[in-house]
Structures are given as C-alpha cells and as structure tokens.
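The values are calculated or read from the model by the stated rules, or taken from the named source; none is laboratory data. It should be emphasised that the depicted structure is a prediction, and the values quoted were computed from it without experimental measurement. Cβ: placed from backbone, ideal geometry, glycine included. Neighbour counts: every protein chain shown. Side chains included, ligands, DNA and RNA excluded: accessible areas come from the protein's heavy atoms. Shrake-Rupley method; radii C 1.70, N 1.55, O 1.52, S 1.80 Å.
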Amino acid sequence: MKLNYREIGEGKPLIILHGLFGSSDNWMSVAKELEGHFKMYLIDQRNHGQSPHSDEFNYAAMASDLSEFIEEHRIENPSILGHSMGGKTAMNFAINHADKWDKLIVVDIAPRAYPVHHDTILKGLKSIDVDNLKSRGEADKQLAEYVRDLGTRQFLLKNLARKSEGGFEWKINLPVIDKNIEAMGEGIQQQLAIEKDVLFIRGENSDYIQDKDNILIVQLFPNSEVKTVKNAGHWVHAEQPEALLEIIREFLEVS
C-alpha cells in the first residue's frame, strides 16, 4: 500500500504515526520544532488522511504497511513515534522487526487490550448526513448531539473534505473503521522481549496508561521507561506540546 506522507526536516530519520481518526497533520506543529535535527516522515495510516482505503484494518496490516514504507523509502534505522493507535502500530512493528529501528516512543497507549470506547464518537460521525451536508457548521451541529467537547469535534471534523464538484466526503474510511473498531483495542499478541530503548509518554489526566500497565510494558520492553506530562490528557501533543517536546528531545539525545 502506497501510504500518503509528509516529509520535513534534515538529520536522523524519525517516523511519526497518528492515532485513530487522526492524520499526519496532527503532528506537524511538533515536527516543525524538531526539523533542525531529524528528517521526519509523518504518515497517514491506511483508511486515514489521504492514504488509500482498504477493507483490511488491523494492526498486523498497519505494521506491514510501516515495514513496506521503510523499505520503499530506504530509511535506515529510524526512530519511531506513535500516538494511541499509531503507538500500537509502532509496537507491533517494533517487536516483529527489531533490526529495522533505533528508538521507539509510544505516546499514551499501553500494550494491553482496551474495551471498545469510541461508540459515541462513531454514532456521532455516522449521524452526519454527509451526502446532503451544506456546511461544516451543519456537521458540527449534528455531531454536537453526541460529542459535547468542541475541541474533540473540531479534531474529528478535520476528516471532512470538500469535493471538487461540491459537497463533502469523509477522508477516513468510516464504514471499515466502524466495522473493525474492536481490532483497534487489541493488545500486543507477541510475548518476545525487545532489548532496545523505548519511551512511553502518558498524559497525567489520561487513563490510557495506568500504573498497573508497567508490568506488561517491562515484560515486552525491558529497557523502557514511562514519563508523565502534567496537565495533559490523551492528546498530549495538542495540550502540552512544549513539555512533550522536552521529553522527546531528551530521549532522542537532541540538545
């Protein structure tokens, strides 16, 4: 699969993977702060952004996409950063291809399984009559009946694109994401320990990485550490970008 991506900066290679309902755009502001030190590849994962749609949507497929991307672009020993769903993709890839990466950063997701918890968001997105939509404001009004937080709605509605002939369409493959949402909660299946440097970053106000997760994290990644960004929820990069950047720079040894 030919994934869409954005390339920015010069230096050591760093691949950045967004989360569910996201796209490469989500991490551009962070990437711009690192462009003097890294050549970064911000990828749209399958069924997201401007990458192709596919009926196959699981972590094995997305980890395979990442492996193909690295080979196609001849990227040698990159560090990889993944947020939420992107973190699960990165962990799956890292365990199966331990010789293809340098350092791994996992942002606000643990290797464990999660129950489905995007039901309301999916109901809200499916409630939008995209074929007859007249404006983004109209979409926001429809989505607000399910998602109260304005910031979350703005994030989700970035997935609406205007068609050249008029009207709107989804960038995300909403039907396939909806059908396969349980697969997005799956834990890491492999039990092979990887003796490489791994950093987990969690938001203080998020419950995605809990203290009890440290046991599994250390089992899979013995040379890992967990750091907490204060006053941040799940979208750490949007809520506390400077604090996040400080931790990233330290781990990747950037002065």
Next item on the list: Find the Cα radius of gyration of the range 35-76, compare it with 2.2 N^0.38 Å by division, and give the number to two decimals.
Entry: 1.30
Item checked: Longest to shortest principal axis, alpha-carbon extents of the range 39-170, angstrom -> 49, 35, 27
Check: When ranked by the protection proxy of mean other Cβ atoms within 10 Å per residue, highest first, what sequence do the peptides 189-202, 20-33 form?
Finding: 20-33, 189-202
Check: Expressed in whole Å with the largest first, what are the equivalent ellipsoid semi-axes of the range 1-115 derived from the C-alpha gyration tensor as the square root of 5 times each eigenvalue?
Finding: 19, 15, 15
Notebook entry, point to check: Among L156, F221, A238, which residue has its Cα positioned farthest towards the positive end of the charge dipole of the chain, with +1 placed on the Cβ of Lys and Arg, -1 on the Cβ of Asp and Glu, and the dipole taken about the Cα centre?
Noted result: L156
Item checked: Test item: Cα-centred dipole of the chain, Lys/Arg +1 and Asp/Glu -1 on Cβ, debye -> 440
Note to self: Looking at the chain, I'd like the Rg to Rh ratio, where Rg is from alpha-carbon atoms and Rh is Kirkwood's inverse mean 1/r.
What the structure shows: 0.95
Check: In a Debye calculation with equal point scatterers on the alpha-carbon sites of the range 75-129 and no solvent, what is log10 I(q)/I(0) at q = 0.17 Å⁻¹?
Finding: -0.63
Next item on the list: First compute the accessible area of the range 1-78 with a 1.4 Å probe, then give the percent of it belonging to carbon and sulfur atoms.
Entry: 40
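About the Cα centre of the range 45-134, how large is the charge dipole given +1 on each Lys and Arg Cβ and -1 on each Asp and Glu Cβ? Please answer in debye to the nearest 20.
Details: 9 positive and 13 negative charges, 72 e Å.
Using only the charged Cβ atoms, the result is roughly 340 debye.
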Checklist line | Square roots of five times the Cα gyration tensor eigenvalues for the range 57-101, Å | finding: 16, 11, 9
Notebook entry, point to check: So, with +1 on the Cβ of K and R and -1 on the Cβ of D and E, and no other charges, what is the size of the charge dipole of the range 100-154 about its Cα centre, to the nearest 20 debye?
Noted result: 160
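Given the Cα atoms of the range 143-208, and with Rh set as the inverse mean 1/r over their pairs in the Kirkwood sense, what is Rg to Rh to two decimals?
We get a ratio of 1.10 for the range 143-208.
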Next item on the list: Whole number in Å², please: accessible area per residue of the chain, 1.4 Å probe, ligands, DNA and RNA not counted.
Entry: 47
Margin query: Projecting each Cα onto the charge dipole of the chain (Lys/Arg +1, Asp/Glu -1 at the beta carbon, about the Cα centre), which of Y146, L174, G86 comes out farthest on the positive side?
Written below: Y146
Margin query: Restricting to DSSP H runs of at least four residues, report the calculated mean residue ellipticity at 222 nm for the chain, -39500 (n - 2.57) per run over all residues, nearest 500 deg cm²/dmol.
Written below: -9500 deg cm²/dmol
Checklist line | Rg and Dmax of the range 90-226, Cα atoms only, in Å | finding: 18.8, 54
